[in-house]
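In what follows, a structure is listed as structure tokens, so that the remarks can point back to it.
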Amino acid sequence: MPYSISSECIGCGTCAKRCPENAISGELKNQFDIEPLLCIECGTCFNICPKGAVIDPQGNRSSVKKSKKKKRIKASIDSDICACCKNCYINCPRDAINVIKKNIFHVGYCQSDHEFCVGCGTCANYCITGAISIK
């Protein structure tokens with residue numbers, strides 16, 4: 001069961017802007033909805049909702065966010081551990097992974113593009129070496 005949005009939604013649209021699959025739609029100042037077939041259950045909406053209106057697949061409600069400036073969660077790839085298998089690159093829903101080639105003697109490594117990364121964790125789930133952390 002995918003994430004859902006409760007009637008507590010104030011229609012700010014923050015979740016829709018950050019959803020990597022564009023699975024959330026609605027009109028400003030009205031309750032937004034999540035399209036279950038498009039939702040990849042990444043939790044971005046759950047973590048970003050300022051009013052705690054998102055409900056996860058287990059029925060837990062997101063917490064109300066304080067008005068302090070929010071630190072965005074991003075993928076971080078340890079280039080010393082990365083095997084450059086490209087699983088993260090292939091599976092990232094936001095195309096936020098770049099492959100960095102070093103030279104003909106070294107395969108290279110993958111690097112997260114923090115401008116496009118939404119911190120959904122899909123890349124970390126596909127990483128075979130554990131080189132990716134979400135922080």
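The values are calculated or read from the model by the stated rules, or taken from the named source; none is laboratory data. Source: prediction; values computed, not measured. Glycine gets a Cβ as well: all are built from the backbone with ideal geometry, and neighbour counts include every protein chain shown.
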Practice item. Could you tell me whether ILE81 is in a loop (DSSP other than H, G, I, E, B), within 13 Å of the chain's Cα centre (by Cα) and within 18 Å of CYS127 (Cβ to Cβ)? Key: no
Point to revise | Candidate set: segment 85-130, residues that are aliphatic (A, V, I, L, M) and either assigned to a strand (DSSP E or B) or at pLDDT 90 or above (or both); chosen: the one farthest from LYS17 (Cα to Cα) | key: ILE128
Practice item. Being touching a Pro at 6+ places or on another chain (Cβ under 6 Å) and surrounded by fewer than 17 Cβ atoms within 10 Å (Cβ to Cβ) narrows it down to one of PRO50, PRO36, so name that one. Key: PRO36
Review point. What about CYS19, is it buried (at least 17 other Cβ atoms within 10 Å of the Cβ) and either among the polar types (S, T, N, Q) or in contact with a Ser or Thr (Cβ under 9 Å, 6 or more places away or on another chain) (or both)?
Key: yes
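If you go through segment 1-28, how many residues are touching a strand residue (DSSP E or B) at 6+ places or on another chain (Cβ under 7 Å) and hydrophobic (A, V, I, L, M, F, W, C)? Talk me through it step by step, then tell me what you get.
Of all residues in segment 1-28, those touching a strand residue (DSSP E or B) at 6+ places or on another chain (Cβ under 7 Å) come to 2-6, 15-16, 23-26.
Those still in the list that are hydrophobic (A, V, I, L, M, F, W, C) too: 5, 15-16, 23-24.
Within segment 1-28, residues that are touching a strand residue (DSSP E or B) at 6+ places or on another chain (Cβ under 7 Å) and hydrophobic (A, V, I, L, M, F, W, C) number 5.
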Review point. Quick one: which of GLN111, GLN31 is touching a strand residue (DSSP E or B) at 6+ places or on another chain (Cβ under 7 Å), free of Cβ contacts under 8 Å to residues at least 60 places away in the same chain, surrounded by fewer than 19 Cβ atoms within 10 Å (Cβ to Cβ) and not assigned by TED's automatic domain parsing to the domain that holds GLU8?
Key: GLN111
**Study point:** For GLY52: the one exception among (1) in contact with an Asp or Glu (Cβ under 8 Å, 6 or more places away or on another chain); (2) outside any loop (DSSP other than H, G, I, E, B)
**Key:** (2)
